Amino acid sequence: MKATLPCLLLVLVSTLTFSPGELLAENGDTSTGEIEITPFLGAAFVDGDDNKFREDWGEQEGLKGGVDQFHLQRDLPKNRRLTVKGRAVVPEQEYLFDLLIERPEDGYIHAGYSEYRKYFDDTGHVFEPFSISSFDLNRDLELDIGRAFIEVGVTIPDLPQIEVGYEHRFKDGEKSLLQWGSVTEGGVTRKIFPSYKNVDEELNIIRMNVSHEIAGVRLGDEFRYEHYRLDNTIHEQERNLDTDADETVTVDEDYEHDAFFNTFHADTHLNDTTYLSLGYLFTTLDGDASFNMATVPFGPEPFDKNWFSRSIDLEQDVHIVNANAVLGPYRDLTIYLGLEGESLDREGDTDAVLTEIAFGGAFAEPEAVIDSDEDKWGLEETVGIRYTGLPRTTLYAEGRWTQQDIDLQETEVEDGLLILNRETDTRVRRQRYSIGFHTSPFDRTTVAARYRRSYRSNDYDHEVDIEEGYSAFITDQDLKTDEVMVKASFRPLNNLRTTLQYQLVSTDIDTDEDTDPPSSIHSGNYDAHIYTASLTSTPVASFFLTGLVSYQDVRLKTIGTGPVETYEGDVLSVSANAGWAVNASTRLDARYIYTLAENFDDFFDEGLPLGTDNQRHAAIADLSHQLTDALAVRLRYGFYSYDDDAGDGSDDYTANLVAAALTMRF
C-alpha cells in the first residue's frame, strides 16, 4: 500500500486548515453536525477456482472486514463546513478518504486518497488433446490501483475562479496477459501457457484552471503538467511436454515522459439564437525508454534473441484548434456547425543491440539504429440540424467529414548497413452520416430510431520501400459501417414501464494489395445484433422490481485459411433488482445476475480453440433493520457460481458470501 505519503499530506492539510477543537461547534455544542460509521465483518467460502472467483467479483476467499463507510459533517467557525468520507476494507486493500473544507463566499480545499485491488486469474488457455490440458502459474496476481489528490479553489464572486491541484496515481502489482506462451506435445504446438506482467507505474499531475466572464464572454484556461513513469516486466514461458524442457523470456520495459498541456476556450451567447465557442489545445511531450529481452536458455527459434536498447527517445508536439456555432431555433429549426484542425509532429529513435543466432549457429550482435518521423495534418467538419416543428416529435440529422494526411518515415541501420528505409504517405478520409427521430405519438408511448453510415478510406503510398515487407504490400483499405438503433418505451399502467431496443452494427472491409498481379479482396466482415428488453414495476408503494435482458449475436469473418476462422458468438445477459419495505424499520433488497456465452469452437486441426461456453450466476440479498434512530443493522448473503463447459473444469467455482454491518449515528 502506497498510502503513507498521501495520508501525511492529508493530515498536514487538516492541521493547517483547522484545529482539532474546531471539529466541534463553538461553545462545545455538538448538535451542528453528524457522524455516521458502519463497521462490518464478512467471509467468503469458495469451492473451486478461487482466483477466477475473485477476478470476477473482486472478493477474496476467507474473512474480510473493516469500515464500509464513514461520514462526518460539521459546521466550523468562520462559516466553514467540513465533510469527511471514508472506507477501509481488508484484505481487499480497498481504501477511501475524502476531505472537503469549504466556505461559499471565498473557496474550498479538497483532498483525498483512494485505493482498490484488481484481481486476475492465473490460468492460461485450455487444449484438451494435450496430456496436460491447462496450466496455472500458482501466483496470486493482484494489481493495486490508487489515487491521491489535493486541490484548492478560489470562488470569490465577481473575480476570476481559480483552481490549483496536485494528483498522484499509481499501479503496483502483477496482472495476467493474453500473450500466452507455447506448449508442444507430439509435434503439435499451441499457445496456452499463461504469462504475466509485473506492473509499477506512476503518474504525477500538476494543474491550474482559471475562468472568468467578461462582458458576456466566458474565458477559461487549463494548464496541466504530467510526469509519467513505468517499470514493467513481462514473463513468458514455453513448455515441451515430450522432453519436459522449458524456456523463459523476460522483457523489461522502462519509460518516462514529461508532458505539458494547455487548453484555452471561450464561449458566448451573442443573442437568444446564436451561440459561439472557440478552443485551442497545445501539447508537448518528451519521453525516453529502455528495453531488455532475455531468453533462458538461449535458442532455438523463437527463443533465439536477446535484445536490449541503449536509448529510446520520443518527442511529440500537437496543436488542435476548434470553432463551433449553434444557430437557432429559427421556426423550430436549429443548426450547429463545428470545425477542428489538428497538427502533429512526432519523432522517435532507438539505439539497440540485437543478439541473435546467425547462420551456422554462431552468435551475432548487430547494433541497430532505428528512426521514425511522423507528421500529421487533419481537418474535421461537422454540420447538424434539429427540427421540432412536428407535434411531439424531434427530427435530427448530422454529417461529419475528416481529412488526414500522414507522412511517415522509418529507417533501420544495422552495423552501418541500411536494412529498412520506408517512406509512406497516407491519406485518411472519413465520413459519417446520421439521421434519426424521437416521437411520442400516444400518451405513455415513446419511439426513437437512428441510422448511421460511416466510411473510412486509408490510401497508402509507399514512395520508398527497400524491404517490401509487411504491411507495405497493402495500398488501400476501405471500411464501411452501418448502424441501426430502434427503441420503444411503453407505460401501459402508472406502475409499469417496459422498454425494447434493437441495435445492428455491420462492418465490411475491402483491401487492395500490391501483389503480382495486383489484387483486391473483401478482407473482413463484422456483424452484431443486440436485443435488449427492460422492465420497471412498482405494484405497491413498498415494493419495486426492475429487470434487464440483453442478447448479443456476433459474427466476425476474415478472408483466408488456417488458424483464423470465422467467429460466431452468442451472449445472453439477465439482471434483476427488487426492493421491499417490509415495514417502517425493515427493508429487503435482492439482486440477481446471469450470463450465458455459447461461442466455443474447437478448431483442433486448424489452431487454438476460440471462444467459450460458460454460465455465470450471482444472487445477493440484503436485509436491513433500523433498531433505533441512531442504530441500524444490515445482513448480506451472496451466492456465486461459474461453469465453463468448454474447458476442463479448472476455472469452475461455487461460492457463498455472508456479511453483517452495523451503522451508528452520532
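The values are calculated or read from the model by the stated rules, or taken from the named source; none is laboratory data. If you're wondering where the values come from, they're calculated on a predicted model, not measured in any experiment. FYI the Cβ positions are ideal-geometry reconstructions off the backbone, even for glycines, and counts take in every protein chain you see. Accessible surface areas use protein heavy atoms only, side chains included; no ligands, DNA or RNA. Shrake-Rupley method; radii C 1.70, N 1.55, O 1.52, S 1.80 Å.
Points worth noting:
- Lone unmet requirement of (1) at pLDDT 80 or above; (2) buried (at least 16 other Cβ atoms within 10 Å of the Cβ) for Asn583: (2)
- Residue within region 298-315 that is in contact with a His (Cβ under 6 Å, 6 or more places away or on another chain) and either surrounded by fewer than 16 Cβ atoms within 10 Å (Cβ to Cβ) or of a type in the set (Gly, Ala, Ser) (or both) present: no
- Subset of region 458-484 [within 27 Å of the chain's Cα centre (by Cα) and either farther than 21 Å from His438 by Cα or touching a residue at least 40 places away in the same chain (Cβ under 8 Å) (or both)]: Asn458, Leu479, Lys480, Thr481
Yes/no per residue for (1) open to solvent by less than 50 Å² (accessible area, probe 1.4 Å); (2) modelled with pLDDT of 95 or more; (3) of a type in the set (Val, Ile, Thr):
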residue: Tyr592; (1), (2), (3): no, yes, no
residue: Asn599; (1), (2), (3): yes, no, no
residue: Leu623; (1), (2), (3): no, yes, no
residue: Leu627; (1), (2), (3): no, yes, no
residue: Ala630; (1), (2), (3): yes, no, no
residue: Ala661; (1), (2), (3): yes, yes, no
residue: Arg665; (1), (2), (3): no, no, no
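- Of all residues in region 384-439 being among the basic types (Lys, Arg) and part of a strand (DSSP E or B), the one that is farthest from Glu483 (Cα to Cα): Arg422
- A Cβ distance below 8 Å, combined with a sequence gap of six or more or placement on separate chains, defines the contacts here; from region 620-632, residues that are in contact (Cβ under 8 Å) with a residue 40 or more places away in the chain and assigned to a strand (DSSP E or B) reach residues that are surrounded by 15 or more Cβ atoms within 10 Å (Cβ to Cβ) and charged (D, E, K, R) in the pairs His625/Arg587; His625/Arg634.
- Filtering region 408-419 to residues that are surrounded by fewer than 16 Cβ atoms within 10 Å (Cβ to Cβ) and out of contact with any Pro (no Cβ under 8 Å at 6 or more places or on another chain) leaves Gly416, Leu417, Leu418, Ile419.
- Selection of first residues in region 172-200 that are over 18 Å from Pro129 (Cα atoms) and of second residues that are among the hydroxyl-bearing types (Ser, Thr, Tyr) and surrounded by fewer than 19 Cβ atoms within 10 Å (Cβ to Cβ), restricted to Cβ pairs under 6 Å at least 6 apart or on distinct chains, gives the following pairs, ordered by first then second residue: Asn198/Thr233.
- All conditions in (1) of a type in the set (Ser, Thr, Tyr); (2) under 26 Å from Ile150 (Cβ atoms); (3) out of contact with any strand residue (DSSP E or B) (no Cβ under 8 Å at 6 or more places or on another chain) hold for Thr243, with the sole exception of (2).
- Any hit, region 146-161, residues being under 23 Å from Arg54 (Cβ atoms) and either in contact (Cβ under 8 Å) with a residue 40 or more places away in the chain or surrounded by 15 or more Cβ atoms within 10 Å (Cβ to Cβ) (or both): yes
- Ser534 vs. criteria in contact with a strand residue (DSSP E or B) (Cβ under 6 Å, 6 or more places away or on another chain), under 30 Å from Asp459 (Cα atoms) and free of Cβ contacts under 8 Å to residues at least 40 places away in the same chain: no
- Every residue from region 81-103 that is in contact (Cβ under 8 Å) with a residue 60 or more places away in the chain and out of contact with any helix residue (DSSP H, G or I) (no Cβ under 8 Å at 6 or more places or on another chain): Gln93, Tyr95
- Of residues in region 610-619 being part of a strand (DSSP E or B) and in contact (Cβ under 8 Å) with a residue 40 or more places away in the chain, the one nearest to Leu596 (Cα to Cα): Arg616
- Hey, Gly220 at positive phi and open to solvent by less than 60 Å² (accessible area, probe 1.4 Å) or not: no
- Residue, farthest from Tyr196 (Cα to Cα), within region 220-277, restricted to residues that are among the basic types (Lys, Arg) and without any contact (Cβ under 8 Å) to a residue 60 or more places away in the chain: Arg224
- Of all residues in region 391-407 being open to solvent by 60 Å² or more (accessible area, probe 1.4 Å) and touching a residue at least 40 places away in the same chain (Cβ under 8 Å), the one that is farthest from Thr334 (Cα to Cα): Arg392
- Residue among Asp106, Asp50, Asp75 that is in contact (Cβ under 8 Å) with a residue 24 or more places away in the chain, buried (at least 17 other Cβ atoms within 10 Å of the Cβ) and out of contact with any Leu (no Cβ under 7 Å at 6 or more places or on another chain): Asp50
- Residue match in region 201-215 (condition: more than 29 Å from the chain's Cα centre (by Cα), of a type in the set (S, T, N, Q) and at pLDDT 95 or above): yes
- Single residue of region 274-297 satisfying the filter (modelled with pLDDT of 95 or more and over 28 Å from the mean Cα position of the chain (by Cα)) that is most open to solvent (accessible area, probe 1.4 Å): Leu278
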